[in-house]
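Worksheet: one structure, shown below.
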Amino acid sequence: MRRRNLQQVFRYLIEIERASIQDIADHLNISRPTVLQAVRTLENKGLAEEDGKFQSDGGRRAKAVRCIPNAKYAVGIDITKNHVSLVVTDFTEKPIRQIRIAHPFEKSEEYRSFLHEELEKFLKDLPNAEGNLLGIGISVPGIINENNGYLLISNVLGIGEMSQEELTGKFSVKAILINDANAAGITEFLQDTAESIFYLGLNNSVGGAFFKGTKDSGAGINIMGRLFTGTHWHSAEAGHMVIHPGGKTCYCGKKGCADPYVSALTLSDHADGNLELFFQRLQEGDPECGRVWEAYLDDLAIVVDNIYTLFDCRVVIGGYVGNHIAPYIGILRDRVSSKNTFEKNASYLYAGMFHQEAPALGASIHIIEQYILSL
């Protein structure tokens, strides 16, 4: 039996929850004996099981087969300057438990111990978790060398090169580092119907991720194979495109980068550092917040138009600002469409579907997808 057939059958069982051997064969256009062999293999691995029988209008009732969702788990951890988020998912690839903890980052043994202790508490009493944790994906705001897992630099965290082991040395299962925008983009890419998307993450710093190529829902998805990382792993860094030459100084040292104009800090700095409060005041008609928001939308429209001009694909806005932008997406589309060289609309622009814990969720999903590809 080909590995791809096994992956296809397992993916179908994940998506459909419960099916007969014949239904699987018909849907995937695979022979019944091949499907039966795949199901038996999945059962031997503890990933699938019989689940009763279907009703019949006559004749023998077909046996039902289902994936065991909690046969395996994956954890995603999102590390920011002042918080840590943890998410755990099973084969449903939806968060089944999540938590956000206020804790400042530091490059130290104490911080590594803190992560380990919080992970143990987080997974306590999770059904069937003992021995069934596939791995841990760790989302960080920085440039990651995908070949060796090194964090090359993180201006947000204030550190230079750091190995995976300096964060994960206390974990008992494999852990990988992934850029936070790439991780958040995974959650959007897997749920989006578009062939390619550019994910624009508007957090306290601005990041991006470009996913290209057709998704095959019948098998495991090589997510990182769909992600364009560039020669030095810093492609799609939209925050560092210059939109106002000689303008505000970015944390990278350049002047006029998009980051100081469209990061979440641009808004929260006008509301005592509280982004939620900024949008509350905006809805209440606060004139200062209204003025800041108008200027913000103008600058964001430039960024979005530049992205679309280069990539000609769907643009999804996520991150802290993305959590609030859905009511204003029509206004932003109008501003972007006026700049569009090719067609006078911005129907390609969307608000993200996933909110605060998107990077942690995406990091855990990446672990699940890697496992499916390994079957």
Could you give the length gained by full extension between Asp312 and Arg40, i.e. 0.36 nm per residue of separation minus their alpha carbon distance, to one decimal place? 93.5 nm
With both partners inside the chain, how many of the DSSP beta bridges are antiparallel, as a percent to the nearest 5? 65
Report the Cα centroid-to-centroid distance between the stretch 169-196 and the stretch 15-93 in angstrom, as an integer. 22
Summing -39500 (n - 2.57) over every DSSP H run of at least 4 in the chain, dividing by its residue total and rounding to the nearest 500, the 222 nm mean residue ellipticity is -11000 deg cm²/dmol
Which angle from 0 to 90°, rounded to the nearest 10, does the C-alpha axis of helix 32-44 make with the longest principal axis of the chain? 80
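Let me have the relative contact order for the stretch 98-194, percent, based on Cα pairs under 8 Å that are six or more residues apart.
Working: 98 pairs, mean separation 27.2, N = 97.
It rounds to 28 percent for the stretch 98-194.
Starting with the highest mean, order 244-250, 182-188 by the number of other Cβ atoms within 10 Å, averaged over the residues of each peptide. Working shown, then result.
On the way: 244-250: 12.9, 182-188: 30.9.
Going by the mean number of other Cβ atoms within 10 Å, highest first, we get 182-188, 244-250.
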For the stretch 250-375, size of Cβ-based charge dipole, Lys and Arg +1, Asp and Glu -1, in debye: 360
Amide H contacts of Arg314 (H built 1.01 Å from N, under 5 Å, at least 5 apart or other chain): Ser196, Phe198
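Roughly how many debye, to the nearest 20, is the charge dipole of the chain about its Cα centre, given +1 on each Lys and Arg Cβ, -1 on each Asp and Glu Cβ, and no other charges?
Values: 37 positive and 46 negative charges, 259 e Å.
So the magnitude is around 1240 debye.
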Relative contact order in percent for the stretch 269-347 (Cα pairs under 8 Å, 6+ apart) equals 24
Please compute the modelled spin-label separation between Thr249 and Lys63, points set 7 Å along Cα→Cβ, answer in nm with one decimal. 7.1
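What percentage of the solvent-accessible surface of the stretch 192-299, computed with a 1.4 Å probe over protein heavy atoms, is contributed by carbon and sulfur atoms? Numbers along the way, then the final one.
Details: 2390 of 4830 Å².
The computed percentage sits at 49.
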So how do 326-339, 197-210, 72-85 stack up, highest first, on mean other-Cβ count within 10 Å? 197-210, 72-85, 326-339
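Could you give the accessible area per residue of the chain, probe 1.4 Å, as a whole number in Å²? Don't skip to the answer; put the middle values down first.
Details: 17120 Å² over 375 residues.
So the chain comes to 46 Å² accessible per residue, rounded to a whole number.
If you build the convex hull over the alpha carbons only and average its shadow over all orientations, what do you get for the stretch 76-174? Give it in nm² to one decimal. List each step's numbers first, then the result.
Details: hull surface 25.5 nm².
So the mean shadow area of the Cα hull is 6.4 nm².
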Percentage relative contact order, the chain, counting C-alpha pairs under 8 Å, at least six apart: 18
Answer in debye to the nearest 20: the dipole magnitude of the stretch 187-269 about its Cα centre, from +1 Lys/Arg and -1 Asp/Glu charges placed on Cβ, is 260
Please compute the length gained on full extension between Glu276 and Ala102, using 0.36 nm multiplied by the number of residues separating them and subtracting their Cα-Cα distance. 61.0 nm
Based on the inverse mean of 1/r over its pairs of different Cα atoms, what is the Kirkwood hydrodynamic radius of the stretch 264-375, in Å? 15.7
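The values are calculated or read from the model by the stated rules, or taken from the named source; none is laboratory data. Since this is a predicted model, take the numbers as computed values, not measurements. As a convention, Cβ positions derive from the backbone with ideal geometry for all residues, glycine included, and neighbour counts pool all protein chains shown. For accessibility, only protein heavy atoms count, side chains too; no ligands or nucleic acids. Shrake-Rupley method; radii C 1.70, N 1.55, O 1.52, S 1.80 Å.
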